[in-house]
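One structure below.
The values are calculated or read from the model by the stated rules, or taken from the named source; none is laboratory data. From a predicted model like this one, the values you see are computed outputs, not experimental measurements. FYI the Cβ positions are ideal-geometry reconstructions off the backbone, even for glycines, and counts take in every protein chain you see.
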Amino acid sequence: MAKLGQIAREFTHSFPAMKGVQAGREYYVAMFPLKLLPTFFKQENDDLPPALRAQRALNKARVRPLSNYITKNSKNYIFSSLTASVNGKVEFEKFNEDAIGQRLGTLHVPMDAKFLINDGQHRRAAIEDALEKVPEIANETISIVLFVDEGLKKSQQMFADLNRYAIRPTKSLGILYDHRDPMSRLTNRLTKKVIIFKGMTETARSTISNRSRKLFTLSSIYQATKRLLHKKDGEGVSKEEESFAEEFWNETAKNMPDWLDAVARKVNTSELRQDYIHSHGVALQALAITGSSLIATYPQKWQQKLGKLQKINWRRDNADLWEGRALTGGRLSRAENNVLLTSNVIKATIGLSLDPKETQVEELYAKGKNHK
């Protein structure tokens, strides 16, 4: 075993660690018990001006969802490593002299050393909050990628470098890979059971390229089905609700000849998206709003009522109908008012009354149109 050099063991904190090298600089990956994070990694003073900080100000609105994620999934949560700097003189005690043993060992950090998180401050804050609700996770660990600090400028540069190329996954890909969220699970099942979604759903991106033969994105199906069932984030889905969602989208597809032509490859999907309103997320959400009202008003014969969808002229060049509703200045809009105004057209065609909010939006639309 290597002997400790300048650091007296009784005045250090010790952690199992691995040693690595990047850009000629040594760094360490250490295992920290969760209960020690609030003690070792203090939150930077948000009152300091940005130029004197090495982190962005903590966004407390981001902390609560992360904390809830841990507390609700304390048996199967997962967090990636934090990246941090330490400003003290550390010493690495290697296990032995062979190739592997030289990189495995114990990291000794002076007790008066200060730690600074360069990446992961919201995860740290969420863990601190979760520890109060699920203290049984206190002795579980998280890996810390630890660099020896070289001052404020270096820490600021580390923050910039770590976030320079960070890209969030698309909403569609997040839904595809999320097996925990009930609505995500339902949406993925619908893409295998609903005729218009099967083989016609873009699952990796939240937009569809002109060359793609896909018709809808997974994220638009997710949002629309969520509105159809009146679900909040994380809320469960019953078997009856799942069956209704599947039946509703299949029945809707039966009354959208253009959609069925796309499935049969009788029409190019890029032409549908270019020429029609019904092949976009704004229409899918509007149909979902209508469907929710339809099942409530006509629980026994809602399927027959959907036949009136075929009376709607969905063409984008039907500006008298769609401009100001699904279109704003000729461009599709998924803003809430546009979704409601599009739904109002569908409801009027089917013979459904508007709720107070929809009525208000319709009156404002009519007033604006009359003043032109």
task: Please identify the pairs in which a residue from the stretch 270-297 that is in the same structural domain as L341 (by TED's automatic domain parsing) and surrounded by fewer than 19 Cβ atoms within 10 Å (Cβ to Cβ) has its Cβ atom under 9 Å from the Cβ atom of a residue that is basic (K, R) and in a helix (DSSP H, G or I), counting only partners at least 6 apart or on another chain.
output: S292/R227; T297/K305
- request: May I ask you to verify whether R123 is outside the structural domain of P33 (by TED's automatic domain parsing) and of a type outside the set (D, E)?
  value: no
task: Output the number of residues of the stretch 202-240 satisfying the condition of being surrounded by 14 or more Cβ atoms within 10 Å (Cβ to Cβ), closer than 14 Å to L186 by Cβ and without any contact (Cβ under 8 Å) to a residue 40 or more places away in the chain.
output: 0
R331 being over 21 Å from K226 (Cβ atoms), within 26 Å of the chain's Cα centre (by Cα) and assigned by TED's automatic domain parsing to the domain that holds L215: yes
- line: Among (1) in a helix (DSSP H, G or I); (2) more than 19 Å from the chain's Cα centre (by Cα); (3) surrounded by fewer than 16 Cβ atoms within 10 Å (Cβ to Cβ), K198 falls short only on (1)
query: If you go through the stretch 33-53, how many residues are modelled with pLDDT under 90 and touching a strand residue (DSSP E or B) at 6+ places or on another chain (Cβ under 6 Å)?
result: 2
- line: Of the conditions (1) surrounded by fewer than 19 Cβ atoms within 10 Å (Cβ to Cβ); (2) under 15 Å from L36 (Cβ atoms), the single one that I142 does not satisfy is (1)
query: Do the conditions hold for S212, that is, is it modelled with pLDDT under 90, within 19 Å of G281 (Cβ to Cβ) and in a loop (DSSP other than H, G, I, E, B)?
result: no
- request: Determine whether R331 is closer than 24 Å to L294 by Cβ and either free of Cβ contacts under 8 Å to residues at least 60 places away in the same chain or in contact with a strand residue (DSSP E or B) (Cβ under 8 Å, 6 or more places away or on another chain) (or both).
  value: no
query: Can you tell me which residues in the stretch 89-128 are of a type outside the set (A, V, I, L, M, F, W, C) and in contact with a Leu (Cβ under 8 Å, 6 or more places away or on another chain)?
result: E91, E93, K94, H108, N118, D119, G120, Q121, H122, R123, R124, E128
